[in-house]
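Inspection log for the structure reproduced underneath, given as structure tokens.
Where a number appears in this text, it was derived from the coordinates with a stated rule and is not lab data. This one's a predicted model, so the numbers in the text were calculated from it and none came from an experiment. FYI the Cβ positions are ideal-geometry reconstructions off the backbone, even for glycines, and counts take in every protein chain you see.
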Amino acid sequence: MTSADAVEDHYSGRGLVERIFAALAEKGHDPASLTPDILAPYDEFHVGGMAATHRFAGRLALDPQTHLLDVGCGAGGPARAVAAMIGCRVTGIDLTADFITAGAELTARCGLGDLVTLQRGSALEMPFEDASFPRAMMLHVGMNIADKKGLLAEVARVLAPGGRFGIYDMMQVADGAVGFPMPWARSADVSAVARPDDYIAAGEAAGMRLVVKHDETEAAEGFFTHVLATKPPTEPGRAPDPFRNLAAHIEAGILAATELFFQKDG
Ligand SMILES: C[S@@+](CC[C@H](N)C(=O)[O-])C[C@H]1O[C@@H](n2cnc3c(N)ncnc32)[C@H](O)[C@@H]1O
């Protein structure tokens, strides 16, 4: 079982903006004038980074008139990337207060304050009216939320009839124990990895049908080659680096980077 406090504790960390600015300064960027492209190595908290966000958003049929909901928006990297790519409004909601504070600052520095709004709240109880959004997305969040039925029902509630919801999560695709730490959880009590069928059943129970499913493991492999080149090898007797551990589970065929796209009944 995952508790909201334990999840927020896992992700919390003050000084995120300062750390990003220090890294950018080393690369010669002016923190006063940023873009989602410049920020991408630091504010996209999912496998594949900005390339994965662009691929995923391209499958959501967005246009500049769309108002998109980003469930579990983190520090707003994907929300800013999509707003800049499409020119549409994006509202993000996330449990972790530090991410929302950092995200507001980064959004302002990108000059995207008119399009992107981030607010704190739970995906299981969102402060939005019924049928508020024609599109919703969720990237690498379901692994922290055990109540998939409640999650999909809440997204379906705020989605307009005929609206679409895209999920990009790490999902369990074969039997086998999941070992920790993972990037989303230091231990099993904060993790709620599920199978695609669990999401699909929860979506159907909420009045959403699966339109298409993609296994993005191949794209994830390129990402890991790049990320793991910066990580030292695991020493014997030590816990593995979370990304190295995740890569090993993907290579073993236990976990897969999976996209699911749902459509709400019209
Ligand atoms: C791995 S990060 C992904 C963030 C963002 N989607 C991205 O790709 O950059 C997972 C995020 O899910 C958020 N989260 C987990 N459980 C949540 C919940 N019940 N309600 C809202 N946000 C949640 C965490 O606070 C964290 O920001």
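Please list, in chain and number order, the residues 5+ apart from Gly92 or on another chain whose amide H is under 5 Å from its amide H, with Hs placed from the backbone.
Asp70, Thr117, Leu118, Gln119
Run the count for the chain, please: Lys pairs, Cα-Cα under 27 angstrom, 8 or more apart or on different chains. Mind showing how you got there, number by number?
On the way: Lys27/Lys231; Lys148/Lys213; Lys148/Lys264; Lys149/Lys213; Lys149/Lys264; Lys213/Lys264.
Lysine pair count for the chain: 6.
Using the Karplus curve 6.51 cos²θ - 1.76 cosθ + 1.60 with θ = phi - 60°, work out ³J(HN,Hα) for each residue of segment 125-134 in order, rounded to whole Hz, and write x for Gly and Pro.
Couplings: 7, 8, x, 10, 5, 4, 6, 7, 10, x Hz.
Rounded, prolate or oblate: pick one for segment 78-126, where a ≥ b ≥ c are the square roots of the eigenvalues of its C-alpha gyration tensor, a/c under 1.5 means rounded, and failing that, prolate if a/b is larger than b/c, else oblate.
In terms of gyration-tensor shape, oblate.
With a sphere of radius 9 Å drawn around the Cβ of Val141, what net charge do the other residues whose Cβ falls strictly inside it have (Lys, Arg +1; Asp, Glu -1)?
Working: positive: none; negative: Asp94, Asp169.
Here the count lands on -2.
Along segment 173-188, what does the Karplus equation 6.51 cos²θ - 1.76 cosθ + 1.60 (θ = phi - 60°) give for ³J(HN,Hα), rounded to whole Hz, x for Gly and Pro?
For segment 173-188, the Karplus curve yields 10, 7, 5, x, 6, 9, x, 10, x, 10, x, 9, 6, 6, 8, 4 Hz.
Regarding segment 14-72, what's the average projected area of the Cα-atom convex hull, expressed in nm²? Show your work: numbers first, answer last.
On the way: hull surface 21.7 nm².
Taking the Cα atoms of segment 14-72, their convex hull projects to 5.4 nm² on average.
Mean residue ellipticity at 222 nm from the helices of the chain, using -39,500 (n - 2.57) per DSSP H segment of n ≥ 4 over the full residue count, to the nearest 500 deg cm²/dmol? Numbers along the way, then the final one.
Values: 10 runs with 103 residues, N = 266.
So the helix-based figure for the chain works out to -11500 deg cm²/dmol.
Residue separation times 0.36 nm, minus the C-alpha to C-alpha distance between Ser12 and Arg244: what's the value?
Details: separation 232, 0.36 × 232 = 83.52 nm, distance 2.17 nm.
Here the answer is 81.4 nm.
Please work out the Cα center distance from segment 17-69 to segment 178-244, rounded to the nearest Å.
So the separation of the two Cα centres works out to 20 Å.
Taking 7 Å along the Cα-to-C-beta vector as the label spot, tell me the Asp37-Asp265 distance in nanometres, rounded to one decimal.
Using points 7 Å along Cα→Cβ, the separation is 4.5 nm.
Build a GNM of the chain with springs between Cα atoms under 10 Å: which of Asp43, Asp197, Asp70 gets the top mean-square fluctuation?
Asp197
Say a paramagnetic label sat at a point 7 Å from the Cα of His226, along Cα to Cβ; which residues of segment 246-260 have their backbone N under 17 Å from it?
247, 257
Can you name the helices of the chain, as whole DSSP H runs, whose Cα span along the helix axis is 18 Å or more and whose Kyte-Doolittle mean is not below -0.5? Write down the numbers at each step before the final one.
Values: long enough: 97-109 (19 Å, 0.38).
Counting only whole DSSP H runs, the qualifying helices are 97-109.
On full extension of the chain, what length is gained from Thr101 through Ala160, given 0.36 nm per residue of separation minus the C-alpha to C-alpha distance? Each step should come with its number before you reach the end.
Working: separation 59, 0.36 × 59 = 21.24 nm, distance 2.86 nm.
In short, 18.4 nm is gained.
Between Asp215 and Arg59, 0.36 nm times their residue separation minus their Cα-Cα distance comes to what? Could you put the intermediate results ahead of the total?
Working: separation 156, 0.36 × 156 = 56.16 nm, distance 1.36 nm.
Once the chain is fully extended between Asp215 and Arg59, it gains 54.8 nm.
Within the set of other residues whose C-beta is less than 13 Å from the C-beta of His214, count the net charge using Lys and Arg as +1 and Asp and Glu as -1. Numbers along the way, then the final one.
Details: positive: Arg55, Arg59, Lys213; negative: Asp169, Asp215, Glu216, Glu218, Glu259.
Computed value for this residue: -2.
Indicate, rounded to the nearest 5 percent, the antiparallel portion of the DSSP beta bridges found entirely in segment 4-264. Write out the running numbers ahead of the final one.
Numbers: 18 of 37 bridges.
That works out to approximately 50 percent antiparallel.
In square nanometres, what is one fourth of the surface area of the convex hull spanned by the alpha carbons of the chain?
On the way: hull surface 53.9 nm².
For the chain, averaging the hull's shadow over all directions gives 13.5 nm².
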